[in-house]
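Q: Please read through the structure below; I'll follow up with questions.
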Amino acid sequence: MLKKNDWALFKQWTRHHEETKKQIKELSRPGALTAGINWCRANMAPETLPSLPLKAPDIKVLTLGIWSDNDVFLTEEQMQSSAEHVTGSWRYERVENASHWLQLDQPETINELLIDFFDNREAEGK
């Protein structure tokens, strides 16, 4: 899957990483990709994962949820429904023209949102 279409998925995942070409070259060596995947498999034994349903405690602190419109790993509904687990103040922001790695795609926008969030936390309740 990672090699398909000239490593298209891998390139998408690592598009902000300056060594993507080097990583593809290394992973293209015979057995290298399999070795890397096997390393991940060996370190993710099912018995070490939490059993479902997992009930985490509610979040009681001020929380900022930021979602980007081109996120391929998280839906807007998932981010918005995070508010159901926050008993403190919840603020949601949607960022346009950004991927899952929104802080890399829109650093100025994200910094502005974070600064505003931290500057206004007193008014929000703590």
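Q: Which condition does residue 20 not pass, out of (1) under 23 Å from residue 107 (Cα atoms); (2) in contact with a Leu (Cβ under 9 Å, 6 or more places away or on another chain), if it passes all the others?
A: (2)
Q: Another one. Starting from residues that are of a type in the set (A, V, I, L, M, F, W, C) and part of a loop (DSSP other than H, G, I, E, B), keep the ones in segment 1-28 and report whichever is nearest to residue 99 (Cα to Cα). Before you say what the answer is, go through the steps one by one.
A: The initial filter retains those residues of segment 1-28 that are of a type in the set (A, V, I, L, M, F, W, C), namely 1-2, 7-10, 13, 24, 27.
So of that shortlist, the ones also part of a loop (DSSP other than H, G, I, E, B) come out as 1-2.
Numbers: 1: 21, 2: 19 Å.
So, considering only residues that are of a type in the set (A, V, I, L, M, F, W, C) and part of a loop (DSSP other than H, G, I, E, B), the one nearest to residue 99 (Cα to Cα) is 2.
Yes/no per residue for (1) surrounded by fewer than 12 Cβ atoms within 10 Å (Cβ to Cβ); (2) at positive phi; (3) basic (Lys, Arg); (4) over 19 Å from the mean Cα position of the chain (by Cα):
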site: 3; (1), (2), (3), (4): no, no, yes, yes
site: 10; (1), (2), (3), (4): no, no, no, no
site: 13; (1), (2), (3), (4): no, no, no, no
site: 42; (1), (2), (3), (4): yes, no, no, yes
site: 63; (1), (2), (3), (4): no, no, no, no
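Q: In addition: Among the residues of segment 83-96, is any under 23 Å from residue 13 (Cβ atoms), surrounded by fewer than 16 Cβ atoms within 10 Å (Cβ to Cβ), modelled with pLDDT of 90 or more and outside the structural domain of residue 17 (by TED's automatic domain parsing)?
A: Taking segment 83-96 as the starting set, the residues that turn out to be under 23 Å from residue 13 (Cβ atoms) are 94-96.
Then drop every residue that is not surrounded by fewer than 16 Cβ atoms within 10 Å (Cβ to Cβ), which leaves 94, 96.
Next cut, modelled with pLDDT of 90 or more only: 94, 96.
Those left that are additionally outside the structural domain of residue 17 (by TED's automatic domain parsing): 94, 96.
Yes, the conditions are met somewhere in segment 83-96.
The values are calculated or read from the model by the stated rules, or taken from the named source; none is laboratory data. If you're wondering where the values come from, they're calculated on a predicted model, not measured in any experiment. Don't worry about glycine lacking a Cβ; one is built from the backbone with ideal geometry, like all the others, and counts go over all protein chains shown.
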